[in-house]
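Colleague: Would you mind keeping the following structure in view while I ask a few things?
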Amino acid sequence: MKRIILASGSPRRKMLLDWAELKFEIIVSDTDESFDSDLDPVEVAISIAQKKNQAVVAQLNNNIADAIVISADTIVVLNNEIIGKPLDRNDALGIIKKLSGKSHQVITAVNIRDKEQDISFHDTTEVVFHELADDQIMHYVDNYKPYDKAGAYAIQEWIGVVGIHSIRGDFYNVMGLPVSRVLKSLKEDFHVHLK
């Protein structure tokens, strides 16, 4: 069986694939996540997921005859504006204040490749926040320090329990990986035997 490589250091993506009882290893390569502002949000997420995958394939000296590499990128979009990871505490407070009481989209793009195939897809989930009080926003940022998360929050943490009014779409997509679609692609496109 081919090695399955997750090209991500995200503990959440690792956890989701662990939950799926998939045997995989992790290889991460630093990737430039800058993007062309003329691209639409879906194209941005796909482009960054592909860059992450290419970086790991390059690290393996392009020798992936026995491997399948999975990469992903998650972005948060509010009124067509891409909201990245916060720069610092003030930025995180400002981002969550912006999301408070509104609906936004979480887009995760996935790139899966082996020697023969290179497949990309994306999933979009709509998330609606309750109106959050300033002290709730400060509590979350100061206690959970969401600086490595697009949109400055993680749905599986306190803010998700307290602050999310509703979601439409795949919950796990908001965590960083539409895991059921990944498994479906591995099975159908790459012929990986899964439970």
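Colleague: Would you please name the residue that is surrounded by the fewest Cβ atoms within 10 Å (Cβ to Cβ), looking only at residues in the range 148-185 that are touching a strand residue (DSSP E or B) at 6+ places or on another chain (Cβ under 7 Å) and part of a helix (DSSP H, G or I)? Give the steps one after another, and end with the answer.
Modeller: Pass one, the range 148-185, residues touching a strand residue (DSSP E or B) at 6+ places or on another chain (Cβ under 7 Å): 150-151, 155, 163-170, 173-174, 176-178, 181-182, 185.
Filter once more, so that each one left must be part of a helix (DSSP H, G or I): 150-151, 163, 173-174, 181-182, 185.
Numbers: Ala150: 24, Gly151: 26, Gly163: 23, Asn173: 25, Val174: 28, Arg181: 17, Val182: 24, Ser185: 20.
So, considering only residues that are touching a strand residue (DSSP E or B) at 6+ places or on another chain (Cβ under 7 Å) and part of a helix (DSSP H, G or I), the one surrounded by the fewest Cβ atoms within 10 Å (Cβ to Cβ) is Arg181.
Colleague: Could you tell me which numbered condition Phe24 fails, if it satisfies all but one of (1) under 13 Å from the mean Cα position of the chain (by Cα); (2) in contact (Cβ under 8 Å) with a residue 40 or more places away in the chain?
Modeller: Result: Phe24 passes all but (1).
Residues checked against (1) out of contact with any Gly (no Cβ under 9 Å at 6 or more places or on another chain); (2) more than 28 Å from Val192 (Cα to Cα); (3) among the aliphatic types (A, V, I, L, M):
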| residue | (1), (2), (3) |
| --- | --- |
| Asp38 | yes, yes, no |
| Ile48 | yes, no, yes |
| Ala67 | yes, no, yes |
| Asn90 | yes, yes, no |
| Leu99 | no, yes, yes |
| Ile107 | yes, no, yes |
| His130 | no, yes, no |
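Colleague: Condition (residue is modelled with pLDDT of 95 or more, among the acidic types (Asp, Glu) and under 29 Å from Val56 (Cβ atoms)) applied to the range 141-148: is it met by at least one residue?
Modeller: no
Colleague: Continuing with this model, one more query. Could you please let me know if Ser100 is closer than 25 Å to Asp18 by Cα and among the hydroxyl-bearing types (Ser, Thr, Tyr)? Please lay out each step first, then the result.
Modeller: Numbers: closer than 25 Å to Asp18 by Cα: no; among the hydroxyl-bearing types (Ser, Thr, Tyr): yes.
In short, no.
Colleague: Looking at the range 186-195, which of its residues are assigned to a helix (DSSP H, G or I) and either crowded, with 17+ Cβ neighbours inside 10 Å or touching a helix residue (DSSP H, G or I) at 6+ places or on another chain (Cβ under 9 Å) (or both)?
Modeller: Taking the range 186-195 and keeping what is assigned to a helix (DSSP H, G or I), we get 186-188.
Selection gives Leu186 alone.
The values are calculated or read from the model by the stated rules, or taken from the named source; none is laboratory data. The structure presented is a predicted model; accordingly, all values stated were derived computationally and were not measured. Here Cβ is always computed from backbone atoms with ideal geometry, including for glycine, and neighbour counts include all displayed protein chains.
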